[in-house]
Amino acid sequence: MNGDHEAHPNSGDIKAPLLPSHRQIQRSPSSHFTLKTIFTPNNFYILLGPLLCAVICVCVKLDGQATSRNMLGVLAWVFAWWLTEAVPMPITSMAPLFLFPLFGISSADTVAHSYMDDVIALVLGSFILALAVEHYNIHKRLALNITILFCGEPMNPPLLLLGICGTTAFVSMWMHNVAAAVIMMPVATGILQNLPEVPLQSTLVRKYCKAVVLGVIYSAAVGGMSTLTGTGVNLILVGMWKTYFPEANPISFSTWFCFGFPLALVIFVALWAILCLFYCSRGSGPALSEYLDKANLKRELDMLGPMAFAEKMVLAVFGMLIALWMTRSITDDIPGWGALFNDRAGDGTARAGFAIADGVRTSGLADDLSKALDFLEAAPYLAIAPIVCLISAIITEFTSNNATTTLVLPLLIQIAKTMHVHPLLLMVPGAIGAQFSFLLPTGTPSNIVGFTTGHIEIQDMIKTGLPLKIAGIAALAFLMPTLGAYVFGTDGDVQ
């Protein structure tokens with residue numbers, strides 16, 4: 001009998017439990033749970049979510065509808081599970097499917113539609129392309145070339161990190177930042193494949209792996225800020241500017257680039273400095289040189305041989321995809337290929353569409369949150385940009401970037417009219433701040449891409465993302481009243 005019990009749990013992978021458990025449950029001979037197995041930290045964290053939700057629903061009173069209070073409670077529930085990782089992340093992500101109908105926020109059918117938005121379709125398509133890149137070892141070829149070019153001799157970890165982050169930021173300038181993160185992550189992990197497996201890694205090697213993964217996801221976000229094609233937030237800003245002020249000069253690709261690129265460059269330098277400070281210790285060079293020797297890497301690259309036909313075809317499809325993303329809609333005077341379909345073809349950047357973002361809006365919680373921005377009318381002129389950016393940067397951690405922009409910009413336009421200041425002085429910081437979702441995996445799909453590699457944890461994102469968010473707000477506070485005022489012409493009147 002005992003022998004059977006010993007052989008059963010791990011007799012094969014098929015018998016493994018569906019949900020991972022951190023420790024085996026110890027049972028008494030009578031098969032009753034003991035108090036020690038019931039009152040565990042993980043069980044407490046599981047109960048923490050519903051408890052927070054209950055407290056908010058009973059004790060908190062908002063001026064709006066009851067559904068806005070319920071939505072706040074559901075947010076507390078979901079984010080308590082996300083932060084503590086009490087239950088697997090996929091289960092937590094599906095929680096709105098039953099919580100929203102349960103609390104009268106939205107119907108199950110409406111919530112289900114949010115799980116197949118065009119942004120998600122974009123991510124799925126990007127994942128398929130990334131799988132093709134990985135299948136034909138294109139990521140390994142690119143990884144070896146980047147490593148050989150930037151690793152230095154002797155090994156220079158900060159320089160290699162700069163090469164990886166710089167390549168990711170450049171790619172993200174010309175395509176959606178989520179797609180850039182999905183495509184560049186296999187390249188980064190291809191470099192990390194030369195290092196020992198996680199259980200065998202030294203502390204220095206493990207920290208450098210974290211730096212590489214964090215560098216890719218954050219560089220994708222920073223690079224996307226510099227162009228209109230890099231993120232949907234910039235497109236939403238341009239669209240709202242054209243809608244609310246049709247007689248004003250439109251924000252063109254070149255106009256935005258003149259402001260967005262210097263801002264992104266400053267934030268990128270801050271990102272590289274933060275990663276080097278936290279994860280590139282002095283002894284990391286010798287520790288990594290054992291596995292990333294330039295001569296060995298060149299031999300590995302030679303062993304791959306010339307590019308095969310399949311590799312060239314994948315790269316051709318990749319190039320066509322970039323061209324299609326960039327030319328769907330070019331300018332007001334030069335329509336892109338999207339005009340052939342009466343602009344019914346999307347590129348994944350037009351709608352927010354995620355379940356929690358929709359719930360925040362439809363429940364009325366968005367209106368209650370918006371009322372909190374009324375105090376900006378009494379704020380000093382030079383404090384406007386950092387305050388608006390900070391508010392957007394906080395809200396964007398709890399909903400999608402696009403949803404934050406859609407929520408905040410109309411109110412900022414109204415406040416700008418009340419204050420008699422140029423609307424772009426508030427709209428641009430609001431839109432840029434919405435892209436500072438650096439603290440949680442759920443802030444943007446790019447963060448999820450890095451989180452699923454297994455190299456980073458939420459604590460690593462908070463440790464790196466918080467100073468990066470502060471650096472971004474500081475850079476915007478300096479550049480918006482100076483460079484931004486010159487580029488956007490905020491000294492003049494808006495028609």
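The values are calculated or read from the model by the stated rules, or taken from the named source; none is laboratory data. Keep in mind it's a predicted model, so treat the numbers as computed, not measured. Every residue, glycine as well, gets a Cβ built from its backbone with ideal geometry; the counts of neighbours run over all protein chains shown. SASA here: full protein model, heavy atoms, side chains in, ligands and nucleic acids out. Shrake-Rupley method; radii C 1.70, N 1.55, O 1.52, S 1.80 Å.
Observations on the model:
- Each peptide among 84-96, 467-479, 65-77 gets the average number of other Cβ atoms lying within 10 Å of its residues, and from highest to lowest they stand as 65-77, 467-479, 84-96.
- Centre separation in Å (Cα based) which lies between the range 133-207 and the range 240-263: 34
- Phe150 - accessible surface, heavy atoms, 1.4 Å probe, Å² rounded to 10: 60
- For the listed residue pairs Lys207/Lys298; Lys140/Lys298; Lys294/Lys463; Lys61/Lys469; Lys210/Lys469, the alpha carbons are over 20 angstrom apart in Lys207/Lys298; Lys294/Lys463; Lys61/Lys469.
- Average accessible surface for the range 129-266: 35 Å² per residue, computed with a 1.4 Å probe over protein heavy atoms with every protein chain in place.
- Whole-percent carbon and sulfur share, accessible surface of the range 48-96, 1.4 Å: 71
- The protection proxy used here, the mean number of other Cβ atoms lying within 10 Å of each residue, ranks peptides 189-195, 297-303, 426-432 as follows, highest first: 426-432, 189-195, 297-303.
- Of the listed residues Cys258, Cys280, the order by accessible area with a 1.4 Å probe, largest first, is Cys258, Cys280.
- Once the chain from Glu247 to Ile38 is taken as fully extended at 0.36 nm per residue, the excess over their C-alpha distance is 68.7 nm.
- Rule-of-thumb Rg ratio for the range 185-265 [Cα; 2.2 N^0.38 Å; N residues]: 1.63
- By accessible area, using a 1.4 Å probe on protein heavy atoms only, the range 127-186 has 72% of its surface on carbon and sulfur.
- Ranking by accessible area, most exposed first, for Val111, Val238 with a 1.4 Å probe: Val238, Val111
- Within the range 259-299: backbone nitrogen closer than 17 Å to the Gln459 label point (7 Å, Cα to C-beta): 278-279
- Most tightly packed first, judged by the mean number of other beta-carbon atoms within 10 Å of their residues, the peptides 412-418, 227-233, 204-210 read 227-233, 204-210, 412-418.
- Pairwise centroid distance, computed over Cα atoms, of the range 397-471 with the range 290-318, Å: 37
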